[in-house]
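Notes follow once the structure below has been shown.
The values are calculated or read from the model by the stated rules, or taken from the named source; none is laboratory data. These figures come from a predicted structure and were not determined experimentally. Cβ atoms come from the backbone with ideal geometry, glycine included; neighbour counts cover every protein chain shown. These accessible areas exclude ligands, DNA and RNA; they are computed on the full protein's heavy atoms, side chains included. Shrake-Rupley method; radii C 1.70, N 1.55, O 1.52, S 1.80 Å.
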Amino acid sequence: MKLKDPLPDMQKRSFLKKVLNGTIAGSLYLVYPMNSSGFEWPEQIPGVRDAYDIHARKFAFIVDITRCIGCGSCCVADKQEYNVPDGNYRTWVERYVKGFSDQIYVDCPNGGLDGYQTPRSDIKEEIRDTFFVPKLCNMCKEAPCVQVCPVGATFTTPDGFVLVDEKRCVGCAYCIQACPYSVRFMHPRTRVVEKCTWCYHRIRKGLLPACVDVCPTGARKFGSLQDETSEVYKILKGPGVLTVLRKEMGTWPALYYKGARMEVI
Amino acid sequence: MGFSYKMRLILVCLGIFVMAWVGFLFKSLLLPDSFGLYGHFRADAITEAVEVPVRHGTNSSCFKCHPFEAKIHKAGLHSTISCEFCHGPYADHVAVDKKTGTLPVKTGKQITTLCLRCHNTQIMARSEEVIKTVAMPDHLRNQQVKLTHDCNQCHHVHAPLKYINRAKQITGLMEKG
């Protein structure tokens, strides 16, 4: 007697399995709309994703010193976003301590990456005032670094950002000397100059700069000057006192400080 | 020189013409494309700056797949804290909707260190309006717990007053709602 060939049955079973799998997978696709670009985060800067006119856009950055608690979130986020090599900082947080003799003590252990866990123990006099000052690129309108670059590798974009062309930079480091705010450094591996870009790649995708996004107290604010509902626009239009660093140098920074004492440089 | 005046004039003009052409040729060979479109720089560098990959997500990018944590985190006093500050960047965890790696979770004394980055009273530059600070180990002594306690033994790290408020409700120290 010839046994029944098991093959057709098996085939039927595997066929049914495949059909079922396909149906379930297909229905899941309908339920979960997969985004093709991997990008469905909310637009944090309104209107950037629709149409970006590079000549019409203007942005401003405001650091509110009265709200900074020196946690170092911004420094951590910055290091993570760009894999900044150890010992170099695109942004950092300085601690200012003012004594009653008007002596200023500034320190910045590891750029604020590890936060500030202990108070300064080396100050003998009574302390009058303590505050944190986050530092980053000032995005000067009249940028000294752009003026000194011999190969046109550092430039100001029409929307007001000072960026570095990595392919064109020859690593002469003139700009590092020219920058009054010391925000530039030589990347130890690529030997080209790097600096804070206010996360230009994020802004153009409608996201806030990494440091602004992670700031838990809202000490760092960023926004478009075309958007009249943005916090930055309202602060700039309002009566509050805003200062820039090293105004006397005539660099016209787009980074403003709120609540900065006169000792901050 | 056996050239006539006219011929010399033609030669000079021709020379200028040739030299100008050689100059333009070298300029076009040496200058990169798109140089000078917006100014004295390569305009394509702006495009390259835009194409830098985003490594840091936003809190909503994390909440998309972690609704349980999202619910607790959003309801608590720590709602403004970025997930990625403690856990690491989004790009180390997810790439094109696929999980690519596991992010670390802080434990034990690491948590206490992390909490005191912000909540340490000894660093005086922290105003009452912005953040509530505690002095260690006075806080542990005042709350009558062991000095070896970590912060997360009383405080939920995502919503610090979650357990405390619940305990107060149960013991009747606080009205519900």
**Message:** Let me cross-check A:VAL164: its accessible surface, 1.4 Å probe, with only protein heavy atoms counted, in Å² to the nearest 10?
**Reply:** 30
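Using the alpha carbons of the range B:21-177, what is the convex hull volume per residue in cubic angstrom, as a whole number? Intermediate values should be presented prior to the final figure.
Values: hull volume 34.2 nm³, N = 157.
Measuring per residue, one finds 218 Å³ for the Cα hull of the range B:21-177.
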**Asked** Counting only protein heavy atoms and rolling a 1.4 Å probe, how much accessible area do A and B lose on contact, total for both sides, in Å² to 100?
**Response** 4000
**Complete:** Test assert for the range A:71-95: residues whose accessible surface shrinks by at least 40 Å² between chain alone and all chains, 1.4 Å probe, equal A:CYS71, A:GLN80, A:GLU81
**Asked** Which value, in Å³ per residue, describes the convex hull spanned by the Cα atoms of the protein assembly as shown?
**Response** 338
**Item:** Taking the convex hull of Cα positions in the range A:93-237, its mean projected area over all directions (nm²)
**Value:** 11.6
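Which value, in nm² and rounded to one decimal, describes the direction-averaged projected area of the C-alpha convex hull of the range B:1-63? Show your work: numbers first, answer last.
Details: hull surface 27.6 nm².
The directionally averaged projection comes out at 6.9 nm².
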**Asked** Which whole number in µm²/s is D for chain A by Stokes-Einstein, with the Kirkwood Rh taken over Cα pairs at 25 °C and 0.890 mPa s?
**Response** 113
**Nearest-0.05 FRET efficiency for B:THR47 and B:VAL96, computed from C-beta distance (R0 25 Å)** = 0.70
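Once every DSSP H run of n ≥ 4 in chain B is given -39500 (n - 2.57) and the sum is divided by its residues, what mean residue ellipticity at 222 nm do you get, rounded to the nearest 500 deg cm²/dmol?
One gets -13000 deg cm²/dmol as the mean residue ellipticity at 222 nm.
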**Complete:** Computed on Cα atoms, the radius of gyration and Dmax of the range B:106-177 in angstrom are 13.3, 36
**Message:** How large is the accessible surface of B:LEU14 in square angstrom, using a 1.4 angstrom probe and rounding to the nearest 10?
**Reply:** 100
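What ratio of Cα Rg to 2.2 N^0.38 Å holds for the range B:55-105?
On the way: Rg = 10.7 Å, N = 51, 2.2 N^0.38 = 9.8 Å.
Relative to the 2.2 N^0.38 Å estimate, the range B:55-105 comes out at 1.09.
Counting each DSSP H run of 4 or more residues in chain A as -39500 (n - 2.57), what helix-only mean residue ellipticity at 222 nm follows after dividing by all residues, to the nearest 500 deg cm²/dmol?
Values: 7 runs with 61 residues, N = 265.
-6500 deg cm²/dmol, from helical runs alone.
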**Prompt:** Using alpha carbons only, how many degrees (0 to 90, rounded to 10) separate the axis of helix B:5-30 from the longest principal axis of chain B?
**Reply:** 20
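What's the local net charge at A:PRO85, with K and R +1, D and E -1, over the other residues with C-beta under 10 Å away? Could you put the intermediate results ahead of the total?
Working: positive: A:LYS79, A:ARG189; negative: A:ASP86, A:GLU194.
Result for the neighbourhood of A:PRO85: 0.
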**Request:** Roll a 1.4 Å probe over the protein chains and send me the accessible area per residue for chain A in Å².
**Result:** 52
**Asked** What does the accessible area per residue of the range B:106-177 come to in Å², with a 1.4 Å probe and no ligands, DNA or RNA counted?
**Response** 70
